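The values are calculated or read from the model by the stated rules, or taken from the named source; none is laboratory data. Computed from a predicted model, the values in this text were never measured in an experiment. Note that each Cβ is placed from the backbone with ideal geometry, even for glycine, and that neighbours are counted across all protein chains shown. These area figures cover heavy atoms from the full protein model, side chains too; ligands, DNA and RNA do not enter into them. Shrake-Rupley method; radii C 1.70, N 1.55, O 1.52, S 1.80 Å.
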Amino acid sequence: VQLQASGGGLVQTGGSLRLSCAASGSPFNIDVMGWYRQAPGKQRELVAEFPSDGNTNYANTVKGRFTISKDTAKNTVYLEMNSLKSEDTAVYYCGALVGGNTYWGRGTQVTVSS
């Protein structure tokens with residue numbers, strides 16, 4: 001499984017960005033797919049994901065501001081980020097759990113300036 005992420009950039013506080021992640025290879029057996037982020041000096045953490053039960057999981061820090069969605073036909077997951085804060089600054093990674101294996105896309109930098 002290959003994950004191609006795009007859409008990061010520099011935005012001012014309160015602004016919006018949309019991230020995209022396209023899966024290729026053997027995406028039909030994806031159990032979990034979502035977005036995770038890692039800020040400098042911190043561990044990678046969940047942002048939002050689609051678990052295998054069909055629901056969505058969000059980090060408490062992004063609830064109400066971020067929305068994860070997917071286009072199954074395109075094997076693509078999106079992350080709409082609104083009301084961005086400086087603490088959202090991080091490298092954002094698309095990740096997928098397939099058959100017990102975890103795959104990561106190349107991270108995309110999101111920088112929120114005040």
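Residues that are of a type in the set (Val, Ile, Thr), surrounded by 14 or more Cβ atoms within 10 Å (Cβ to Cβ), under 14 Å from the mean Cα position of the chain (by Cα) and at pLDDT below 95: does the stretch 57-64 have at least one?
For the stretch 57-64, residues of a type in the set (Val, Ile, Thr), surrounded by 14 or more Cβ atoms within 10 Å (Cβ to Cβ), under 14 Å from the mean Cα position of the chain (by Cα) and at pLDDT below 95: absent.
Just one of (1) at pLDDT 95 or above; (2) open to solvent by 60 Å² or more (accessible area, probe 1.4 Å) trips up Asp53, so point out which.
So Asp53 meets the others, but not (1).
Gly25 - would you say it is without any contact (Cβ under 8 Å) to a residue 24 or more places away in the chain and open to solvent by less than 80 Å² (accessible area, probe 1.4 Å)?
Taking the combined requirement at face value, the residue does not satisfy it.
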